[in-house]
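The values are calculated or read from the model by the stated rules, or taken from the named source; none is laboratory data. Quick caveat: nothing in here was measured; it's all calculated off a predicted structure. Reconstructed Cβ throughout: ideal geometry from the backbone, glycine too, with neighbour counts over all protein chains shown. The protein model used for the area step is the full one, side chains on, heavy atoms only, and it has no ligands, DNA or RNA in it. Shrake-Rupley method; radii C 1.70, N 1.55, O 1.52, S 1.80 Å.
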Amino acid sequence: MEYPNRICKRCLLKEVDAEYFESLSIYINSIDEDLKVGNVTYKERLDICQECDKLVDGMCSGCGCYVELRGIMKKNKCPYDKWL
Ligand code: SF4
């Protein structure tokens, strides 16, 4: 039996909705590089999110953001101080 509407805890958006993630990626790529963290920091942030109970279908239930967008911005931090 398939469960097309089931939620995915601890999944990033790219894992649950590739089409929407493509749109988000285009937006992320358009952001000034000076405003974004580097690849290492970005991966570290997303790794922490993927271990977090607040992550549901790519969205942080603590702040309502897609973590792939929240995590890329230098100025952002985790609302629960799991990453800075
Ligand atoms: S931003 Fe923080 S609270 Fe939200 S999913 Fe990531 S680690 Fe968890």
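List of remarks:
- Filter result for ASN76 (without any contact (Cβ under 8 Å) to a residue 12 or more places away in the chain and either within 11 Å of the ligand (Cβ to nearest atom) or among the hydroxyl-bearing types (Ser, Thr, Tyr) (or both)): yes
- Filter pass, SER61 being closer than 24 Å to ARG6 by Cβ, surrounded by fewer than 15 Cβ atoms within 10 Å (Cβ to Cβ) and away from the ligand (no atom under 14 Å from the Cβ): no
- Output for the range 46-55, where each listed residue is open to solvent by less than 40 Å² (accessible area, probe 1.4 Å) and either outside any loop (DSSP other than H, G, I, E, B) or of a type in the set (Asp, Glu) (or both): LEU46, CYS49, LEU55
- Just one of the listed residues (VAL40, VAL67) is without any contact (Cβ under 8 Å) to a residue 24 or more places away in the chain and either open to solvent by 60 Å² or more (accessible area, probe 1.4 Å) or among the hydrophobic types (A, V, I, L, M, F, W, C) (or both), namely VAL40.
- From LYS43, LYS77, residue being outside any strand (DSSP E or B) and either closer than 22 Å to ALA18 by Cβ or of a type in the set (Val, Ile, Thr) (or both): LYS43
- Any hit, the range 7-19, residues being within 21 Å of TRP83 (Cβ to Cβ), near the ligand (Cβ under 10 Å from one of its atoms), in contact with a Cys (Cβ under 6 Å, 6 or more places away or on another chain) and without any contact (Cβ under 8 Å) to a residue 60 or more places away in the chain: no
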